[in-house]
């Protein structure tokens with residue numbers, strides 16, 4: 001590798017970086033499309049790609065049309081949306097907390113959202129005003145509360161230490177977990193079943209009604225994150241320095257927390273708590289392409305979507321018996337968490 | 001012609017007062033040193049100047065405009081701040097790091113323009129960091145990293161540069177390189193440079209004027225040779241030092257050791 005000596009060297013370096021970025025995003029987008037098609041093919045009934053196409057456009061056997069259009073398509077779409085949302089949320093949180101261990105499950109945010117949602121499910125809180133969106137709205141409200149709480153507890157005048165961050169996440173998460181148990185205890189049988197099913201994290205109940213419930217908050221959240229991508233870069237490199245360079249850190253913090261809450265709330269509302277996606281995906285991409293959000297956000301969207309679609313398909317059709325995808329991501333995610341702790345000691349603890 | 005005016009600034013944390021009635025003016029093209037012992041309020045003063053902290057009393061103005069009433073971006077366009085530490089949790093490349101400094105000159109949804117690249121290039125060139133442009137910031141040594149941070153402050157195109165202990169943790173060679181760079185910036189670009197340091201030798205050699213702070217108050221202020229006198233050193237720093245004009249280096253401070261009177265006091269304290 002030759003040293004940069006002049007302006008041409010800089011131009012060359014920029015060109016190379018841009019080429020790398022286009023390739024990374026293009027490659028991941030392509031992977032997403034392929035994963036989407038594969039996930040549409042596999043399930044209890046294996047379809048050929050042509051059957052999938054015909055089915056989506058309503059051509060051919062009525063049964064296949066029904067499966068492709070009304071069962072598989074909304075489910076795969078939801079998985080893609082939730083995968084993208086959780087990854088972007090994880091990314092934003094890691095930057096905001098300046099810590100590669102942060103993610104919605106690790107910091108108890110998902111538990112907070114669960115509590116909000118279970119209140120909506122069992123007591124119908126908010127149903128009068130928000131209708132089908134009451135679960136999302138309640139999830140969002142508690143997501144926001146939890147995240148603000150964890151942030152406030154972990155943040156000191158000297159920054160945020162990993163120990164206090166993880167521990168406050170554990171404490172706040174445990175608290176909301178306790179509240180969820182309480183709700184379960186007093187809920188009637190139907191609501192109980194729904195909550196239990198839902199704390200495991202699954203797309204089994206996704207249909208066309210779920211798609212807008214997930215899409216609206218998630219889209220809003222992702223757009224907000226995209227709009228602050230430069231500021232997130234600067235904040236992730238140090239809040240005080242960001243302020244010195246002209247970033248209004250307080251506003252960015254609020255926008256980031258709201259955006260994350262929207263993403264997690266949309267996810268939790270349709271699929272319950274699915275853990276560790278927000279930890280794994282941003283981490284892997286950051287190792288591959290560096291910490292720039294301009295690049296990481298699109299990669300997390302496509303990569304996270306593809307990852308969760310595939311995980312859901314494996315959980316649904318990969319084994320004798322289908323099980324909730326949340327179980328699978330946790331089984332994968334926990335060892336990954338330990339792997340990061342072990343291998344990236346310096347970044348995590350400093 | 002930029003003029004920085006600090007009027008009657010007081011600052012305190014709930015538990016104790018940090019700054020008391022600090023008042024001075026500084027102008028374009030000068031290197032102003034702020035010296036004092038650890039915990040005397042030097043860094044707090046810098047942070048009050050760029051409004052990271054809001055003074056309890058008093059006002060800081062740039063060309064007659066109160067800094068507190070400016071937006072964050074406006075402040076960043078007026079003054080660059082190079083802090084003591086750099087976070088490397090997420091290692092951006094040097095180029096990306098320096099480009100961040102353009103933030104205050106860009107509109108909300110702007111992307112990098114040709115002009116931005118040119119300015120970043122120039123700053124990398126000026127600070128001698130061009131050859132690292134494609135490296136990750138965590139691969140650099142402390143001195144290299146400090147120069148990158150100065151480059152980043154430069155692309156803000158400020159009139160005022162605030163430096164917090166710029167030579168801390170640098171080996172002696174890099175200390176001189178860095179101070180030469182700072183001198184060049186003030187002479188060639190006419191920047192006002194405010195340096196917080198506890199290094200008296202470097203302050204003597206490079207600063208045009210010096211403000212000595214003791215317990216949050218200005219203990220002495222004026223041209224470097226009037227402030228850094230043997231007597232002031234003893235009074236403010238409890239240090240015995242010899243100060244002389246050396247034709248080769250200018251004002252030269254030779255530190256001999258702790259003051260006698262002081263060690264006497266220590267002994268008495270120990271005895272009682």
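We did not get these values from a lab; they are worked out from the coordinates using the rules stated. Please read these numbers as outputs of a predicted model, since none were measured by experiment. Cβ placement follows ideal geometry from the backbone for every residue including glycine, while neighbour counts extend to all protein chains displayed.
Structure values in brief
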read-out	value
For the protein assembly as shown: Kirkwood Rh in Å [reciprocal of mean 1/r, alpha carbons]	27.2
Calculated on alpha-carbon atoms, Rg and Dmax of the stretch B:3-228 in Å	17.2, 50
Computed lengthening from residue A:182 to residue A:161, 0.36 nm per intervening residue step minus Cα-Cα distance	4.4 nm
The stretch A:200-277-the stretch B:144-193 distance, computed between alpha-carbon centres (Å)	38
Calculated FRET efficiency for the pair residue B:71/residue A:321, C-beta based, R₀ 45 Å, to 0.05	0.15
Nearest-ten-degree value, helix B:172-189 long axis tilted from longest Cα axis of chain B	70
Shielding of A:234-241 by partner chains, average beta-carbon count, 10 Å	6
Added length on full extension, which subtracts the Cα-Cα distance from 0.36 nm per residue, residue A:45 to residue A:250	68.7 nm
Rg and Dmax [Cα atoms of the stretch A:26-67; Å; Rg one decimal, Dmax integer]	11.4, 36
Relative packing of A:288-294, A:206-212, which averages over residues the other C-beta atoms within 10 Å, highest first	A:288-294, A:206-212
Neighbouring partner chain Cβ atoms per residue of B:116-123, average, 10 Å criterion	2
Global size of the stretch A:122-192 as Cα Rg and Dmax, reported in angstrom	15.5, 48
Cβ-based exposure ranking for B:229, B:224, in which fewest neighbours within 10 Å come first	B:229, B:224
Kirkwood-based Rg to Rh ratio, chain A, C-alpha trace	1.00
Using alpha-carbon coordinates, inclination of helix B:142-154 to the longest axis of chain B, degrees	60
Residue mean of other protein chain beta carbons inside 10 Å, A:288-299	2
Among A:40-47, A:318-325, the order from most to least packed when residues are scored by Cβ within 10 Å on average	A:40-47, A:318-325
Counting DSSP beta bridges with both ends in the protein assembly as shown, the antiparallel % (nearest 5)	65
Structure-based [θ]222 nm, the protein assembly as shown - -39500 (n - 2.57) summed over DSSP H runs of at least 4, per residue, nearest 500	-18000 deg cm²/dmol
FRET E, pair residue A:123, residue A:152, Förster distance 22 Å, beta-carbon r, rounded to 0.05	0.20
Inter-centroid distance (Cα atoms) of the stretch A:2-78 relative to the stretch B:49-70, Å	53
Ascending count of other beta-carbon atoms within 10 Å, so fewest first, for B:230, A:225	B:230, A:225
For the stretch B:220-253 and the stretch A:113-181, distance of Cα centres in Å	60
Cα-Cα separations in the stretch A:275-350 greater than 20 Å, expressed as whole percent	40
Separation in nanometres of the label points that stand 7 Å from Cα toward Cβ, at residue A:341 and residue A:5	5.0
Theoretical FRET efficiency, 1/(1+(r/R0)^6), r = Cβ-Cβ of residue B:256 and residue B:168, R0 25 Å, to 0.05	0.60
Gained length - residue A:132 relative to residue A:207, 0.36 nm times residue gap less alpha-carbon distance	25.7 nm
Separation of the residue B:106 and residue B:229 label points, Cα + 7 Å toward Cβ, nm	5.2
Packing-based order for B:141-149, A:184-192, A:271-279, using average beta carbon neighbours within 10 Å, highest first	A:271-279, B:141-149, A:184-192
Residues B:52, B:89, sorted so that the one with the fewest Cβ neighbours within 10 Å comes first	B:52, B:89
